[in-house]
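The values are calculated or read from the model by the stated rules, or taken from the named source; none is laboratory data. Quick caveat: nothing in here was measured; it's all calculated off a predicted structure. For neighbour counting, all protein chains shown are included, and Cβ atoms are generated from backbone atoms with ideal geometry for every residue, glycine included.
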């Protein structure tokens, strides 16, 4: 799609004790480094969203161990880790009619935060263009695979 399309894995988990640890163990034993994660759950199941250093290998290993996993493209934006950092990105998307399906973040080094966004496929390129034109720093997917 683009150099900014970060491959995110979504892993479907039964909401029972130890299931998250099972995923972490499988990835650790396969030498997969988790770069970012987000877990959303309901009373019966959860969706673990992961950005890892080797998404193809991680997906194959998880599926071989009986986990339901799929790949989705997200993009990452680096912002200053201060009030308004998130707003500076979401404002541009909202003002241009781009709906965010979900987002998550982690604090980076040197007072920065990395924000991950999932938008509709048809809005992906438009979102990247708008953010680049506004001076936001998009993170190339390769950075997460190092």
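Quick look at the values:
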item: Members of region 23-39 that are out of contact with any strand residue (DSSP E or B) (no Cβ under 6 Å at 6 or more places or on another chain) and surrounded by fewer than 17 Cβ atoms within 10 Å (Cβ to Cβ); result: 24, 25, 28, 29, 30, 31, 33
item: Residue satisfying condition, being over 13 Å from the mean Cα position of the chain (by Cα), assigned by TED's automatic domain parsing to the domain that holds residue 127 and assigned to a helix (DSSP H, G or I), within set 23, 61, 89; result: 89
item: In region 92-102, residue farthest from residue 9 (Cα to Cα) [restricted to those that are touching a strand residue (DSSP E or B) at 6+ places or on another chain (Cβ under 9 Å) and assigned to a helix (DSSP H, G or I)]; result: 94
item: Options 140, 133, 95: the member that is under 15 Å from residue 3 (Cα atoms) and not assigned by TED's automatic domain parsing to the domain that holds residue 10; result: 140
item: Criterion (closer than 24 Å to residue 31 by Cα, assigned to a strand (DSSP E or B) and not assigned by TED's automatic domain parsing to the domain that holds residue 36) met by exactly one of 105, 113, 109; result: 105
item: Total residues in region 120-146, condition surrounded by 15 or more Cβ atoms within 10 Å (Cβ to Cβ), farther than 26 Å from residue 57 by Cβ and touching a helix residue (DSSP H, G or I) at 6+ places or on another chain (Cβ under 9 Å); result: 5
item: Of all residues in region 109-118 being farther than 22 Å from residue 40 by Cα and in contact with a strand residue (DSSP E or B) (Cβ under 9 Å, 6 or more places away or on another chain), the one that is modelled with the highest pLDDT; result: 112
